[in-house]
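The values are calculated or read from the model by the stated rules, or taken from the named source; none is laboratory data. What you see is a predicted model, and the numbers here were worked out from it, not measured in a lab. Positions of Cβ are generated from backbone atoms using ideal geometry, with glycine treated the same way; all protein chains shown enter the neighbour counts. Just the protein is used for accessible areas: all its heavy atoms, side chains included, with ligands, DNA and RNA removed. Shrake-Rupley method; radii C 1.70, N 1.55, O 1.52, S 1.80 Å.
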Amino acid sequence: MTAPVIAQVNAKPRGRQFFNNPGPTNIPDRILRAMDRPVMDFLAPEFLEIQRACHAGVKRILKTDQEIFFHASTGHGAWEAAIANLFSPGETVLVVETGYFSGGWGEMAKTVGLKVETVQADWRKGVDIAKFAERLARDKAHEIKAVLAVHNETSTGLVLPLPEIRRALDEAKHPALLLSDTISSLASMEYKMDAWGIDLTVGGSQKGLMLPTGMAITGVSGKAMEAARKAKLPKYYFNWQLMAERKPQRFIGTVPVHFFFGLQEAIKMLEEETLDAVFARHARLAEATRAAVRAWGGPNGGADGKGPQLFGQSEQRLSNSVTTVLMPEGTTSDAMRKVALERFNLSLGGGLGPLMGKVFRIGHLGDLNEPMLLGCLATTELAMKTVGVPFAPGGVDAAIESLAN
Ligand code: PLP
């Protein structure tokens, strides 16, 4: 028997959901309204103008003057497009281990027929660049065709310093392409595709760009386009050369016009605020989040395992878009996240892969401000208290102190 309608309604938490997953992220009302319009022919001059403006805007966000492609897919699709377009069967790529997502991209490359080597790293500290440089130096025959690097590892909350990776390649005079996943850093943290010598950038719609999930963005350097002309892995829907030939839309099949309506508004919002101010806002909210977590850990920031602590242990590499929090010994994050969601209407990210249950993740990227973050941090405390996770009081105060300064 179904429950009476009134009971079903009352069982739902009231008010707006506080959404602090590290992607997808909050979709601003402005973007929702921009997408709330009738469909348009994707070959109509009015739409082609919108699409052209989006191409130009995304180039400004990636800071590139090179090629851009849009795929109707999630980030995984753009990952696969990159592999299929750039390599031939049996070629070798080098993955810089950062966490769950670097592993996923490497696994995909292996599955479609590449040889995958990994520079291993401690997930809490991040890769040792000297170890990466040493592997390049040993590759005298230049068998490594590309380096796969996740700029912002969403599972661990650590950033990979891409300019240092570039420097190591240059110092070794190694010709490998540098491929970078910016899925959780795009439009949230500084990124300079051309100045950093990145050959391929993969981004998604559902994080810093504040759009629904389902469109991926790829920036491709001239050197990578050259490699694409020789690559033999099979592809059709994701074939960049075929896409470039489909003029004027540069797309295989029907163009998802509503995504472009939303993207045009997202670019407008980011540029009204200015990208530098967007990055500074993310840095401010991230610092406040870290201040809260350190306070929850007690006098030694949780290092004794008796309170929550920052998962990342390299201060200089802590992400400004997501904070991964390690649970105190003997506790798991699942019960706390369940209560946060079902009772208090706060959505937090869980642990991925080997971190499942051991950590939770606070996403502080996209359309977010101070009250939204403080609501999230206060409710996280409430959920921890409700399920009996040990933590020291004062996390919200520490965040307020950080934001006020
Ligand atoms: N790479 C990173 C760093 C991510 O955070 C994600 C998703 O969260 C992905 C790749 C996969 O992207 P998608 O879920 O859009 O396929």
Determine how large the accessible area of Val257 is when every protein chain is in place; take a 1.4 Å probe and give Å² rounded to the nearest 10. 10
At what distance in nm do the modelled label points of Thr274 and Leu242 sit from each other, each positioned 7 Å from its Cα along Cα→Cβ? 4.4
Stokes-Einstein translational diffusion, the chain - Kirkwood Rh over all Cα pairs, 1.002 mPa s, 20 °C, in µm²/s: 97
Tell me which GluC sites (Glu not before Pro) from the range 306-405 have a DSSP coil assignment and no more than 11 other beta carbons within 10 Å of their own. Glu329
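Leu382 to Asp41: extension gain in nm, 0.36 nm per residue of separation minus the Cα-Cα distance?
Working: separation 341, 0.36 × 341 = 122.76 nm, distance 4.96 nm.
Gain on extension, Leu382 to Asp41, equals 117.8 nm.
Can you give me the relative contact order of the range 259-405 as a percent, contacts being Cα pairs under 8 Å and 6 or more apart? The partial results should precede the final answer.
Values: 229 pairs, mean separation 42.0, N = 147.
29 percent.
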Taking springs between alpha-carbon atoms closer than 10 angstrom, which of Gly375, Gly312, Gly75 fluctuates most in the Gaussian network model of the chain? Gly375
Count neighbours as other Cβ atoms within 10 Å of each site's Cβ, and list the trypsin sites (Lys or Arg not before Pro) in the range 183-285 that are DSSP loop with at most 14 such neighbours. Lys192, Lys232, Arg246
Heavy-atom accessible area of His76 with all protein chains present, probe 1.4 Å, nearest 10 Å²? 100
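Just to be sure I understand: of the beta bridges DSSP finds with both ends in the range 96-203, what percent are antiparallel, rounded to 5?
Working: 3 of 12 bridges.
Roughly 25 percent of the beta bridges in the range 96-203 run antiparallel, per DSSP.
Please work out the average accessible area per residue across the range 122-213, using the 1.4 Å probe convention, and give it in Å².
Details: 2970 Å² over 92 residues.
Normalised by residue count, the accessible surface of the range 122-213 is 32 Å².
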At most 16 other Cβ within 10 Å, DSSP loop - trypsin sites (Lys or Arg not before Pro), the range 137-177: Lys140, Lys173
Most positive-pole-ward Cα, Ala216, Ala195, Leu148, against dipole of the range 109-221 from beta carbon charges: Leu148
Give the distance, in whole Å, between the Cα centre of the range 340-405 and the Cα centre of the range 30-84. 33
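In the chain, what % of DSSP beta bridges are antiparallel (nearest 5)? It would help to have the intermediate numbers written out before the result.
On the way: 23 of 43 bridges.
Bridges in the chain that DSSP calls antiparallel: roughly 55 percent.
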Net charge (Lys, Arg +1; Asp, Glu -1) of residues whose beta-carbon lies under 9 Å from that of Trp196, Trp196 excluded, is +2
For Gly388, the net charge from surrounding residues (Cβ-Cβ under 15 Å; K, R +1; D, E -1) works out to +2
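Quote the Stokes-Einstein diffusion coefficient, in whole µm² s⁻¹, for the range 1-145, based on the Kirkwood radius over alpha carbon pairs, a temperature of 10 °C and a viscosity of 1.306 mPa s. Present the calculation step by step, with values, prior to reporting the outcome.
Working: Rh = 20.4 Å.
After rounding, the answer is 78 µm²/s.
Can you give me the % of accessible surface on the range 176-235 that is carbon or sulfur? Probe 1.4 Å, all protein chains present, nothing else counted. If you can, show how the numbers build up before the last one.
Values: 860 of 1530 Å².
Carbon with sulfur: 56 percent of the solvent-accessible area.
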dims of the range 291-370, Cα set, principal axes, largest to smallest, nearest Å -> 31, 29, 25
Choose one answer from Met40, Met225, Met108: the residue with the largest mean-square fluctuation in a GNM of the chain with alpha-carbon springs under 10 Å. Met40
Jot down the per residue volume, in cubic angstrom and as a whole number, of the convex hull over the alpha-carbon atoms of the range 124-214. 99
